[in-house]
1. Considering only C-alpha atoms, what is the centroid distance from region 64-110 to region 207-266, in Å?
2. Tell me, what ³J(HN,Hα) does each residue in region 48-61 have, in order and in whole Hz, if you take phi through Karplus 6.51 cos²θ - 1.76 cosθ + 1.60 with θ = phi - 60° and put x for Gly and Pro?
3. If you take the C-alpha gyration tensor of region 244-285, multiply each eigenvalue by 5 and take the square root, what semi-axes do you get, largest first, in whole Å?
4. By how many nm would the segment from ASP298 to VAL196 grow when fully extended, if each residue of separation counts as 0.36 nm and the alpha-carbon distance is taken off?
5. Positive end of the dipole of the chain, charges at C-beta (+1 Lys, Arg; -1 Asp, Glu), about the Cα centre: which of GLN144, ILE223, THR167 has its Cα farthest in that direction?
6. Sort all Cα-Cα distances of region 46-107 into consecutive 10 angstrom bins from zero, then give the percent of pairs in each bin up to the one containing the longest distance.
7. Out of residues 5 or more away from SER82 or on other chains, whose amide H comes under 5 Å of its own, with H placed 1.01 Å from N in the peptide plane?
8. May I ask you to compute the full-extension gain from ALA59 to GLU114, defined as 0.36 nm times their residue separation minus their alpha-carbon distance, rounded to one decimal in nm?
Amino acid sequence: MKGLVFNIQRYTLHDGPGIRTEVFLKGCPLSCRWCSNPESQCSLREVGVYASRCIGMGACGACLRSCPVDSCIGFHADKRISGVDREKCIACMRCAAACPSGAIKPWGRKMSVEEVMEEVRRDISFYESSGGGITVSGGEPMLQSDFTAELLRTCKKEGIGTCVETTMFTQWKTAAKVLAHSDLVISDIKTMNDKVHRKHTGVSNKTILGNLKRVSEMRKDLILRIPLIPGINDDDENINATADFICRELGGMPIHMQILEFMHLGGEKCVSLGRTYPMEGQTIDREALHERALVIRDRFLSRDIKCIVGNE
Ligand code: SF4
Ligand code: SF4
């Protein structure tokens, strides 16, 4: 069995306890405008193009020589790569393999569970000393649920702690298959307002909220996150509705809430993928956003819901 993996990051500290290896899977059913990993969204392999790293067609041209498709790679007037024609590109990744400067990045590699495990096992001693393990993230790991479940099951069998970071936008029977092998679930409540949720993520929040309720009924360890986006979900009405949902429907049971202040992390990656960045031009008053995050944290604390801002 193989999964489509776009990154494996060792020594991560923020997605679950202790030192972890994080495995990022490609494909997501949501299209959040603020996504910091837009390279995760498409379920197919893609190339990312970073023109500023290109040393120029005149000096190099390795990508052009290696590409089997006519007129697929374009260049600026200054001879640096401008992009690839995504209609024509067959994602063979030959250009990325040939590029000497990292100007072309391959997003998505088919890997077996055993190949991923070889990476994961390299840090077993760190997991043991820190209480860490593996976190499977994305994208949405439930889109590759058989692969994710098998990866987590193998880790559990070898005594490695497990965590899944998920949108919970999936059928419950799919979620249950994965959760059976996961010690911890990390998930977002982006907004309680379904209309706003649909507008900014492309999907309804009803399935997500229903699944979170079932996670809490399983008494599964759960960390809930709010990606705090000014003007979208930082209003009192939404925060109060979120606290009400946690108290009434989840029995106040997440280990903690975590408020993550929005940062423009997805912009350069969107451009590299030939897409328009949906948050382009939105300026952020970082100080005001942080102040608001602290107020929201205190609001949750006043409802007896543990809450942190960032990774404090
Ligand atoms: S991935 Fe393959 S087809 Fe696409 S631009 Fe690169 S070499 Fe050409
Ligand atoms: S192989 Fe890389 S450095 Fe060379 S021309 Fe192509 S993008 Fe530029």
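Please treat every number below as a calculation from the coordinates, not as lab data. Note that the coordinates shown come from a computational prediction; the quantities given were computed from them, not determined experimentally. So basically every Cβ, Gly included, is an ideal-geometry build from the backbone, and we count neighbours across all protein chains shown.
1. 40 Å
2. Computed from phi, the couplings for region 48-61 are x, 10, 10, 4, 5, 8, 6, 8, x, 5, x, 7, 10, x Hz.
3. Over the Cα atoms of region 244-285, the ellipsoid semi-axes are 34, 12, 10 Å.
4. Additional length available on full extension: 34.3 nm.
5. The listed residue farthest towards the positive side: GLN144.
6. Pair shares across the bins are 26, 63, 11.
7. Amide H to amide H, under 5 Å and 5 or more residues apart or across chains, SER82 pairs with GLY74, PHE75, HIS76.
8. The span from ALA59 to GLU114 would gain 15.8 nm if fully extended.
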